[in-house]
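Structure first, commentary second.
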Amino acid sequence: MKAVITLPTLALLATLAGGVSAFAQESINVRIRPDPNSTLIGKLPSLSLAVNAEWPKNTEPASGWRPIYYRGEFLVYLDSQDIGKNFLPLPGSRYLLSPRSDADILAIATDQDKAEIVSIDPRFCHINLETIVLGYIRDYSAPPTPKLKPNAARIVAPKQPKIVSDSGQSLEGILVSASYLESTRSGYKFKLINSDNETIAYVDHSKLPDAEPFTNFVNTRLTAWGTIHDLENIDSIVLRAKMLKKKN
């Protein structure tokens, strides 16, 4: 771990190597907790880049959320007492998202972190940190998490399936028409989005049965079943739909 005292201008939000997509609706918000009002710590250019993580020990899975590993560069704070004599963060100390002792904890310091001391204050130090942290993204494909009754046996939730897979999977979202530029890039004219207008997946409807016109599903919230595949030309995925069902 290398510590250098500098005074650069730093960005608060971290981004993955490769940059954020030019289409804001394609980016995926990464938050510090499974809560839409919690601190935004970064963005993923595409859902297909999410690296699944396990739920922390003694933490109940939150319905509609998924833990992931997120690599980024962060501006954090460290209690000045947790800086060693060699100006290195002491392993086991807390990287805080704001200069308060009760602030959200981004990560715990290790001797493998790449950290730069931006400034030293009598109470808190500013640290530019590059590391991998645990974050949370919305997961509209996950089934609702069952609530346990008092004294009921604990149900161990199964691991989430990989995003890119040839096995049958389901996604939930709003079916909309993709823009002309998106259609040109992806090869598909329709896509599923979430409530924040973020792209979940593009939709291939060529294998759908003719029981109901496909246009009847456009601009409605639905559940789509099919196979999920990676798109080679852009950082996204496509759902080759075999069945659609509108949500009530």
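The values are calculated or read from the model by the stated rules, or taken from the named source; none is laboratory data. Predicted, not measured: the structure shown is a model, and the values here were computed from it. Cβ: placed from backbone, ideal geometry, glycine included. Neighbour counts: every protein chain shown.
What the table shows:
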quantity: Near pairs, Cβ below 6 angstrom, 6+ apart or cross-chain, from the range 49-65 (closer than 21 Å to SER27 by Cα) to any residue that is among the hydroxyl-bearing types (Ser, Thr, Tyr) and at pLDDT 85 or above; calculated: VAL51/TYR69; ALA53/TYR69; TRP65/TYR136
quantity: Whichever residue in the range 117-127 is buried (at least 17 other Cβ atoms within 10 Å of the Cβ) and either modelled with pLDDT of 85 or more or in contact with a Leu (Cβ under 8 Å, 6 or more places away or on another chain) (or both) and, among such residues, is farthest from THR39 (Cα to Cα); calculated: VAL118
quantity: Residue within the range 29-41 that is more than 30 Å from ILE237 (Cβ to Cβ) and surrounded by fewer than 13 Cβ atoms within 10 Å (Cβ to Cβ) present; calculated: no
quantity: Wholly enclosed strands (runs of 3 or more DSSP E) of the range 186-248 bearing at least 1 residues closer than 23 Å to SER46 by Cβ and either touching a Lys or Arg at 6+ places or on another chain (Cβ under 8 Å) or not assigned by TED's automatic domain parsing to the domain that holds GLY173 (or both); calculated: 199-204, 221-231, 236-246
quantity: Failed criterion for TYR77 (all others in (1) modelled with pLDDT under 90; (2) farther than 21 Å from GLY173 by Cβ hold); calculated: (1)
